[in-house]
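Q: This structure is in structure tokens; I'll ask about it shortly.
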Amino acid sequence: MFPKHTLTAALLALVPATGALAQQDEWTHFHGNAMAQKYSASDQITPENVHELEKVWEIHTGDVSDGSGDIPGTVWSATPILANDLLYVGTPFYRVFAVQPDTGEVVWTYDPETLLESMTQPELKNRGVTYWEDPEASGPCSKRVYIGTMDAHLHALDADTGQLCQDFGDNGILNVNQWNKPDANFPLSQLQPPTVFRDKLLLGWAGKDWYSVENPLGSVFAIDARTGELEWSFYSIPEGYEGTTGTANVWTAMSVDEENGLVYLPVSSPSADYYGGTRLEEIPLATSVTALNGDTGEVEWSRQLVHHDIWDYDTVSAPTLVDIPGEGGSTPALVQPTKMGFAFVLNRLTGEPIFPIEERDVPASDIEGEEASPTQPYPTLPAPVMGDDWDGIFSLANIASLGYCSRKLDELRYDGRYTPPSLEGTLAFPGTAGGMQWGGGAVDPETGIFYINSSRIAQIFELIEREEYAELTTGGSEAEGGLFPMDGAPYGFRLTTFLNGFGMPCWKPPYGQMTAIDLKTGETLWEVPFGQVQKWGFYMPEGWGSPTIGGPVVTASGLIFIGASMDARVRALDASNGEVLWKAQVEAPAVSIPAVYDYKGRQYVVFAVGGNSIIKPQVGDQLIAFALPED
Amino acid sequence: MPAYLSPPERAREELVANLMAVPAAIGLIIAVVAFFSPASGIEGTPGAALAILGMLALTVAALLVGRIHPGRLRTFITVMILIGGLLTLLCAWFLMQGWLMLTIVLTLALWLIFIFVAR
């Protein structure tokens, strides 16, 4: 008889194999697979024939708002999920659509009839649904689709019919806010679909952390996928910090190493976002990538990526897990993209760096009560996607504004990376918009090459004395580049993008790019401007690139599919050099990760086209599929 | 004093001017469609509105110029067609509207012919 753990290991060893097979046909996770690789083994569409791609179907969900009426504006960042012979997608009104993968015909829809109000985020936001199959059951609700809402409810649906699964939560709906602190100032919004770990769902949440110092402490809840019962919970901030800080939550996707039983959490920054004087003690798990035992929630290892974060440099995306191929065998790695433009490459079993990480001296704060960390982690490889010095004043914008850009720069504090926020205003490059964003990167596990889009955004971080702040209009949001109260701190905060009076960036292009990194060596293989900036409808030169939100998918045939750009186009790039081989106009910026799948012998690329006011005030509700002509 | 034109000369000028208005009018339609089409990439933008304005002005000017006797006013309108056409062409280039650019190029080509046939 085999020892139990040997048998378990043998069974677990089958998991990646079946996962690899599943990749051939399906797109079952937010990032394609549980390891957040965004890799499709499909190879029907190639660099040679990709120019023949054509639209094969589209639907409009109707769930869209530009914010001009009673309903807040919408942000749609959903990855469509292909499973159970259906394509599932959630909408910013938190409805679920199940459609035929090859025709777009709607099979069923589900409406949670939830409040369409901006309780936490300024806009209605959704990143899609989660799919889970119960290996021990058959019949109704043995296959489930989950959708979360901004008011912190999770709905479990039968994947075949869209009916609520009555055995989950309260007649199919779980109130996640039951685990919030009673006097919390916001609900635990379920905008990111849960992450599946075996028969558990891992729930992070989004909040309103920019508003005040005191917030709910960051947490992740593991619940039974069948019943919704709490299995374990994880808190990123130790007890005793209540009243002085909060959040350090996980608002984006997580990744899972089923074989080793580990889940990886991208943990965000603590509050207040831009002032840390109320939280001078170390919070080691904040702004980190943290590995938990998926069965127990115990911390296996954690690596802090920003010490004493006062820049809102949330760890923004699920780390990509990959076994880096090498002569002596593969290395179990993870790649953690960051807003700072670094990609941290770590051994995912131990958290130890694969390429050395140095602690480098960084500028001190000149704000009373603040104590910025004297050093910050700096990976020596791969090279950051934006250099250590900012790109400098853009002459065209400076001339057009009669010297405004250079005059403004003279007023600002800038001492390089990690210059703390200041009263006169600090030039932050990258700003809180990144660098890399929540879409994360894609990896080809065969070659060990990692592809990622990024933005190059210069912002101004300005602390404002409380008395002065009180005289200003309160409210605002990151999206609007507005005012952040940071109630409970001695300062309010103003975040602006460094633009001239015409809305032109005051810093040199490019404003967005695509980068390929060889994980075997840490070398950057290529880096090209990506997308096009658009203002008043006018397209700026391709060399300027575009800020990006969303993520890429790489295919076995050597293509990268991505929307993400400001110009409302979706593109296919040659993975060998970044050259654009195909592009198509869609109805708004596709700020999502596409789904790439085979269905009945045909490869499809599907984009949710919804827009995001952070890059452009243009919204949409278009779900659009492309494929090669059938002949 | 306005120059005298024989009826055949006037008819020829008017014909070329009317022909000039055809691609301009087609361009106007293209610009209007782009302004209202969600998948044009420029839907509802000030740039698209500017293109509509430019094409409308070109169309009207093309129709007018063939109907006006030679003189300062016609010279002024003729020069304005060139300037307006070039500016609208630049606008269409930045809007990445290839078909619109083609109609403007045709309009300007016919403008050149008009210059040769007009006195």
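The values are calculated or read from the model by the stated rules, or taken from the named source; none is laboratory data. Because the structure is predicted, anything quoted here is derived from the model rather than measured. Backbone-built Cβ (ideal geometry, glycine too); neighbour counts: all protein chains shown.
Q: Determine whether A:Glu282 is of a type in the set (D, E, K, R), farther than 30 Å from A:Glu136 by Cα and surrounded by fewer than 23 Cβ atoms within 10 Å (Cβ to Cβ).
A: On the way: of a type in the set (D, E, K, R): yes; farther than 30 Å from A:Glu136 by Cα: yes; surrounded by fewer than 23 Cβ atoms within 10 Å (Cβ to Cβ): yes.
In short, yes.
Q: Additional query: From (1) of a type outside the set (A, V, I, L, M); (2) in contact with an Asp or Glu (Cβ under 6 Å, 6 or more places away or on another chain); (3) under 20 Å from A:Asn453 (Cβ atoms), pick out the condition that doesn't hold for A:Asp598.
A: Failing condition for A:Asp598: (3).
Q: Residues to consider are A:Val99, A:Val89, A:Val64; find the one that is buried (at least 21 other Cβ atoms within 10 Å of the Cβ), under 22 Å from the mean Cα position of the chain (by Cα), more than 18 Å from A:His31 (Cβ to Cβ) and modelled with pLDDT of 95 or more.
A: Numbers: A:Val99 fails: under 22 Å from the mean Cα position of the chain (by Cα); A:Val89 fails: more than 18 Å from A:His31 (Cβ to Cβ).
Only one candidate qualifies: A:Val64.
Q: In addition: Just to be sure I understand, how many residues within region A:508-548 are closer than 21 Å to A:Ser613 by Cβ and more than 14 Å from every other protein chain (Cβ to nearest Cβ)?
A: Step one: list which residues in region A:508-548 are closer than 21 Å to A:Ser613 by Cβ, which gives A:511-512, A:530-540, A:544-548.
Adding the requirement that they be more than 14 Å from every other protein chain (Cβ to nearest Cβ) leaves A:511-512, A:530, A:545, A:547-548.
Qualifying residue count for the region: 6.
Q: Counting only residues that are more than 14 Å from B:Ala17 (Cβ to Cβ) and either within 14 Å of chain A (Cβ to nearest Cβ) or surrounded by fewer than 20 Cβ atoms within 10 Å (Cβ to Cβ) (or both), how many does region B:46-72 have? Quick ask: steps written out before the conclusion?
A: Taking region B:46-72 and keeping what is more than 14 Å from B:Ala17 (Cβ to Cβ), we get B:46-57, B:71-72.
So of that shortlist, the ones also either within 14 Å of chain A (Cβ to nearest Cβ) or surrounded by fewer than 20 Cβ atoms within 10 Å (Cβ to Cβ) (or both) come out as B:46-54, B:56-57, B:71-72.
Going through region B:46-72 one residue at a time, the tally reaches 13.
Q: Restricting attention to region A:111-125, which residues are closer than 29 Å to A:Thr161 by Cα, touching a residue at least 24 places away in the same chain (Cβ under 8 Å) and either aliphatic (A, V, I, L, M) or assigned to a loop (DSSP other than H, G, I, E, B) (or both)?
A: Of the residues in region A:111-125, the ones closer than 29 Å to A:Thr161 by Cα are A:111-117, A:124-125.
Within this subset, residues satisfying the condition of being touching a residue at least 24 places away in the same chain (Cβ under 8 Å) are A:112, A:114-117, A:124-125.
A:Pro112, A:Thr114, A:Leu115, A:Leu116, A:Glu117, A:Leu124 - these are the residues of region A:111-125 that are closer than 29 Å to A:Thr161 by Cα, touching a residue at least 24 places away in the same chain (Cβ under 8 Å) and either aliphatic (A, V, I, L, M) or assigned to a loop (DSSP other than H, G, I, E, B) (or both).
Q: Here's a follow-up. Can you name every residue in region A:50-67 that is in a loop (DSSP other than H, G, I, E, B) and among the aromatic types (Phe, Trp, Tyr)? If you could, list the steps in order and put the result at the bottom.
A: Within region A:50-67, the subset in a loop (DSSP other than H, G, I, E, B) is A:53, A:61-67.
Scanning region A:50-67 gives no hits.
Q: Here is a further query. How do the strands (runs of 3 or more DSSP E) wholly within region A:142-229 filter down when requiring 1 or more residues that are without any contact (Cβ under 8 Å) to a residue 40 or more places away in the chain and either more than 21 Å from the chain's Cα centre (by Cα) or surrounded by 22 or more Cβ atoms within 10 Å (Cβ to Cβ) (or both): which remain?
A: Numbers: elements: A:143-148, A:153-158, A:173-175, A:195-197, A:200-203, A:219-224.
Filter on region A:142-229 gives A:153-158, A:173-175, A:219-224.
Q: Can B:Leu19 be described as away from chain A (no Cβ under 14 Å), assigned to a helix (DSSP H, G or I) and of a type outside the set (Asp, Glu)? Before you say what the answer is, go through the steps one by one.
A: Values: away from chain A (no Cβ under 14 Å): yes; assigned to a helix (DSSP H, G or I): yes; of a type outside the set (Asp, Glu): yes.
Yes, satisfied.
Q: Out of region A:68-110, which residues are among the β-branched types (Val, Ile, Thr) and assigned to a loop (DSSP other than H, G, I, E, B)?
A: Step one: filter region A:68-110 for residues among the β-branched types (Val, Ile, Thr), giving A:71, A:74-75, A:79, A:81, A:89, A:91, A:96, A:99, A:103, A:106-107, A:109.
Those that are among the β-branched types (Val, Ile, Thr) and assigned to a loop (DSSP other than H, G, I, E, B): A:Ile71, A:Thr79, A:Thr91, A:Thr103.
Q: The conditions are (1) under 23 Å from the mean Cα position of the chain (by Cα); (2) within 14 Å of chain B (Cβ to nearest Cβ), and A:Thr496 fails exactly one of them. Which is it?
A: (2)
Q: Restricted to region B:75-101, and to residues that are without any contact (Cβ under 8 Å) to a residue 12 or more places away in the chain and not β-branched (Val, Ile, Thr), which residue is farthest from the other protein chains (Cβ to nearest Cβ)?
A: Going residue by residue through region B:75-101, those that are without any contact (Cβ under 8 Å) to a residue 12 or more places away in the chain are B:75-76, B:79, B:83, B:90, B:93, B:98.
In the following step, the residues that additionally are not β-branched (Val, Ile, Thr) were identified as B:76, B:90, B:93, B:98.
On the way: B:Phe76: 29, B:Leu90: 10, B:Trp93: 9, B:Gly98: 12 Å.
That would be B:Phe76.
Q: Also, quick follow-up: Quick check on my filter: what residues within region A:525-555 are touching a Ser or Thr at 6+ places or on another chain (Cβ under 7 Å), of a type outside the set (D, E, K, R) and closer than 16 Å to A:Ile452 by Cα?
A: Keep residues of region A:525-555 that are touching a Ser or Thr at 6+ places or on another chain (Cβ under 7 Å), which gives A:527, A:530-533, A:536-537, A:546-548, A:550, A:553, A:555.
If we keep only those that are of a type outside the set (D, E, K, R) too, we end up with A:530-533, A:536-537, A:546-548, A:550, A:553, A:555.
Answer for region A:525-555, where residues must be touching a Ser or Thr at 6+ places or on another chain (Cβ under 7 Å), of a type outside the set (D, E, K, R) and closer than 16 Å to A:Ile452 by Cα: A:Phe530, A:Gly531, A:Ser546, A:Pro547, A:Thr548, A:Gly550, A:Val553, A:Thr555.
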